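Novice: Take a look at this one; I'll ask things after.
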Amino acid sequence: MNKRSGIKSKKRILDAAMKVFAEYGYAKANMRVIAKASDISIGGLYLYFKNKEDLYLTLMKSRMGDFADKTMESVKDINDPAEALGIFIAMSLNYAKKHKEIILVQGREHGFAFGLEMKRKFFKKQRGLVENIIRQGIQSGVFKKVNVQETARIIFSVIRGFILSIVVEPDSLFSPEECSNLILNGLIRRNKQ
């Protein structure tokens, strides 16, 4: 098997695993069903992943890496920090809605502690991106002076609250545009007349 074929096979397995985990949940999904869904032998599946947990963690890492790459790419050439932050927030919320099946499996069966160290690294890197946008906004005069780390933590708490709502209270999901508007503009009217 050449390297390109191996990469394609692994991607096919991860895509199939996503569907299987979404349909059956983590507990009821098994390697045999995932192998069948990815059109690969069970032995072939074990060449790529040592067990179901390894496959699931690889899937999570892949999804987080995909998202991190997309957010980094989407804001890298934007000079307006308010626009960059708005895009980051919108992408985060829309990505969570689009890939809610993995969030549902994660929240319902594992609690959000499964793969915690990997998630911490991911959120730290994403928070660093937001902190950089905020710093640029302060330096350029677009944003007022704020505690950069605290502001980034608050923004991430809002995003995590949205993700938690997908599992706990799906009727309470809010629009990315309104979220960005509130974070960037606040509630206080500036021009009192």
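The numbers here are math on the coordinates, done by the rules we state, and not lab data. All figures in this text were calculated on a predicted structure; none of them were measured in a lab. So basically every Cβ, Gly included, is an ideal-geometry build from the backbone, and we count neighbours across all protein chains shown.
Novice: Report, in listed order, any pair from Lys36/Lys119; Lys50/Lys98; Lys19/Lys119; Lys19/Lys100; Lys61/Lys124 with a Cα-Cα distance greater than 23 Å. Working shown, then result.
Specialist: Details: Lys36/Lys119 29 Å; Lys50/Lys98 28 Å; Lys19/Lys119 21 Å; Lys19/Lys100 12 Å; Lys61/Lys124 14 Å.
In this structure, Lys36/Lys119; Lys50/Lys98 exceed 23 Å between Cα atoms.
Novice: Further question: How far is helix 52-75 tilted, in degrees, relative to the longest principal axis of the Cα atoms in the chain, given as a value from 0 to 90 rounded to the nearest 10?
Specialist: 30 degrees
Novice: Moving on. Just to confirm the filter: which trypsin sites (Lys or Arg not before Pro) across the range 137-191 are DSSP coil and have at most 12 other Cβ within 10 angstrom of their Cβ? Before the final figure, lay out the partial values.
Specialist: Numbers: sites: Lys144, Lys145, Arg153, Arg160, Arg189, Arg190; in loops: Lys144, Lys145, Arg189, Arg190.
Here the trypsin sites (Lys or Arg not before Pro) that fit, given the DSSP loop and packing criteria, are Lys144, Lys145, Arg189, Arg190.
Novice: What is the distance, in nm, between label points placed 7 Å from the Cα along the Cα-to-Cβ direction at Ala90 and at Glu23?
Specialist: The answer from the label model is 3.4 nm.
Novice: If you fit an axis through the alpha-carbon atoms of helix 116-140 and take the longest principal axis of the Cα set of the chain, what angle between them do you get, 0 to 90°, nearest 10?
Specialist: Orientation of helix 116-140: about 30 degrees from the principal axis.
Novice: I would also like to ask the following. Would you mind telling me which residue in Val142, Val75, Val158 has the biggest mean-square fluctuation in a Gaussian network model of the chain, where springs connect alpha carbons within a distance under 10 angstrom?
Specialist: So, out of Val142, Val75, Val158, the one fluctuating most is Val142.
Novice: Output the 0 to 90 degree angle, nearest 10, between the alpha-carbon long axis of helix 3-28 and the longest principal axis computed from the alpha carbons of the chain.
Specialist: The angle comes out at about 80 degrees.
Novice: Would you mind working out the magnitude of the charge dipole of the range 110-193 relative to its Cα centre, with +1 at each Lys and Arg C-beta and -1 at each Asp and Glu C-beta, to the nearest 20 Debye?
Specialist: Working: 14 positive and 7 negative charges, 106 e Å.
Result for the range 110-193 is approximately 500 debye, rounded to the nearest 20.
Novice: How large is the charge dipole for the chain, taken about the Cα centre, if only the Cβ atoms of Lys, Arg (+1) and Asp, Glu (-1) carry charge, to the nearest 20 debye?
Specialist: Details: 34 positive and 20 negative charges, 98 e Å.
Using only the charged Cβ atoms, the result is roughly 480 debye.
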